[in-house]
Amino acid sequence: SSSAVPSSRATELAHKFVDFVNYACSPFHAVEYCRQVLREHGFVGISERDSWTSVTRGGKYFFTRNASSLVAFVVGGEYRPGNGFSVVAAHTDSPDFKLKPKSKAGGSGYLQVGVQPYGGGLWYTWFDRDLTVGGRVIVEENGKFVSRLVKINRPIMRIPSLAIHLDRTVNEGFKFNTESHLLPVLATEIATQATGVAMPDNENHQPLLLKLIAEELNVEVGAIRDFELDVCDTQPAAIGGALNEFLYSPRLDNLMSCLRRCKPSSIRRST
């Protein structure tokens with residue numbers, strides 16, 4: 001058909017991607033999503049630490065590394081040692097801001113969060129957006145360190161731009177310092193004090209941020225040992241345009257390829 005209106009199949013795939021990208025706010029979430037898809041289609045999880053004596057011809061397997069990378073493979077029914085193999089790849093990370101190892105920042109009565117640009121992003125587009133955090137948190141449970149995924153599903157931060165009457169030349173060229181101007185505002189000091197809630201002191205991160213993360217994970221703040229968190233936009237991906245022909249989405253680079261590699265049709269072709 002020569003119609004420009006997306007087919008029902010294309011629309012179905014687009015909605016699946018929207019669900020995926022809205023979940024995959026970090027590489028850790030992307031790997032977890034793909035891992036579940038692979039399991040649903042007969043792939044068996046193995047560990048790099050183990051001897052792969054269970055790997056057989058015709059088998060389908062995967063392993064993860066650092067919970068942020070995933071390798072899946074199918075052993076051909078006629079495979080022999082020394083035969084060649086094909087590789088396809090995609091990356092689970094996307095340009096964004098990551099919280100610094102010591103993210104506590106602030107001034108002029110504001111609590112801010114120190115972040116660092118990751119990858120080659122269009123950083124000016126991050127101003128005046130409703131932001132949150134998502135990623136992996138290391139929690140101590142029963143004397144053991146456990147990795148937990150987290151995403152706070154509401155706006156908790158914003159990188160504000162300067163009012164036009166304070167920068168009359170901004171429309172002639174928007175220039176900013178990535179180190180000092182891209183510090184998301186988390187809260188005001190006076191509002192934090194007015195809550196009357198005791199905040200455990202922490203020299204590395206804003207206690208209020210740690211409190212929000214702990215509440216999301218249903219753990220005590222003291223149980224949080226470390227984390228790797230990405231800043232992400234709370235506005236969800238969506239199908240748009242007058243004819244629903246556009247995909248409005250963050251992290252297109254390169255989550256589109258990640259989902260394609262583990263979708264059912266690709267898995268069937270591989271076998």
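Go through the stretch 55-70 and give me each residue that's in a strand (DSSP E or B) and either of a type in the set (A, V, I, L, M, F, W, C) or surrounded by fewer than 10 Cβ atoms within 10 Å (Cβ to Cβ) (or both).
First, the residues of the stretch 55-70 that are in a strand (DSSP E or B): 60-65, 69-70.
Listed by number, the residues that qualify are Phe62, Phe63, Leu70.
Go through the stretch 71-92 and count every residue that is within 16 Å of Gly42 (Cα to Cα) and either surrounded by fewer than 10 Cβ atoms within 10 Å (Cβ to Cβ) or hydrophobic (A, V, I, L, M, F, W, C) (or both). Even if it seems obvious, please write down each step before you answer.
Initial filter on the stretch 71-92 (within 16 Å of Gly42 (Cα to Cα)): 71-77.
Next, from what is left, pick out any that are either surrounded by fewer than 10 Cβ atoms within 10 Å (Cβ to Cβ) or hydrophobic (A, V, I, L, M, F, W, C) (or both): 71-75.
Residues meeting the conditions: 5.
I need the full set of residues from the stretch 178-197 which are modelled with pLDDT of 95 or more, under 28 Å from Val139 (Cβ atoms) and either open to solvent by 20 Å² or more (accessible area, probe 1.4 Å) or of a type in the set (A, V, I, L, M) (or both), in order please.
Listed by number, the residues that qualify are Leu183, Val185, Leu186, Ala187.
For the stretch 19-46, which positions are aromatic (Phe, Trp, Tyr) and open to solvent by less than 30 Å² (accessible area, probe 1.4 Å)?
Within the stretch 19-46, Phe20, Phe28, Phe43 meet the criteria.
How many residues are part of a loop (DSSP other than H, G, I, E, B), open to solvent by 30 Å² or more (accessible area, probe 1.4 Å) and not polar (S, T, N, Q) if we restrict to the stretch 198-240? Spell out the reasoning first.
First, the residues of the stretch 198-240 that are part of a loop (DSSP other than H, G, I, E, B): 198-206, 218-220, 234-237.
Those still in the list that are open to solvent by 30 Å² or more (accessible area, probe 1.4 Å) too: 198-204, 218-220, 234-236.
Applying the additional criterion that residues be not polar (S, T, N, Q) yields 198-201, 203, 219-220, 236.
Qualifying residue count, the stretch 198-240: 8.
Within the set of pairs 6+ apart or on separate chains, which have a first residue in the stretch 38-57 that is among the aromatic types (Phe, Trp, Tyr), a second that is in a loop (DSSP other than H, G, I, E, B), and C-beta atoms under 7 Å apart?
From the stretch 38-57, the pairs are Trp52/Ile46.
Take the stretch 145-160 and flag every residue that is within 18 Å of Leu131 (Cα to Cα), under 15 Å from the mean Cα position of the chain (by Cα) and surrounded by 14 or more Cβ atoms within 10 Å (Cβ to Cβ).
Leu149, Val150, Lys151, Ile152
When the residues of the stretch 128-143 are filtered to those that are in contact (Cβ under 8 Å) with a residue 40 or more places away in the chain and within 29 Å of Ile190 (Cβ to Cβ), which remaining residue is surrounded by the fewest Cβ atoms within 10 Å (Cβ to Cβ)? Break it down stepwise before answering.
Let us first name the residues in the stretch 128-143 that are in contact (Cβ under 8 Å) with a residue 40 or more places away in the chain, namely 129-141.
Imposing the further condition that a residue be within 29 Å of Ile190 (Cβ to Cβ) reduces the set to 129-134, 137.
Working: Arg129: 17, Asp130: 12, Leu131: 23, Thr132: 20, Val133: 29, Gly134: 20, Val137: 24.
Within the stretch 128-143, the match that is surrounded by the fewest Cβ atoms within 10 Å (Cβ to Cβ) is Asp130.
The values are calculated or read from the model by the stated rules, or taken from the named source; none is laboratory data. Quantities reported herein were computed from a predicted structural model and do not represent experimental measurements. Cβ coordinates were reconstructed from backbone atoms using ideal geometry, including for glycine residues, and neighbour counts include every protein chain displayed. We work out accessible area using only protein heavy atoms, side chains counted, and drop any ligands, DNA or RNA first. Shrake-Rupley method; radii C 1.70, N 1.55, O 1.52, S 1.80 Å.
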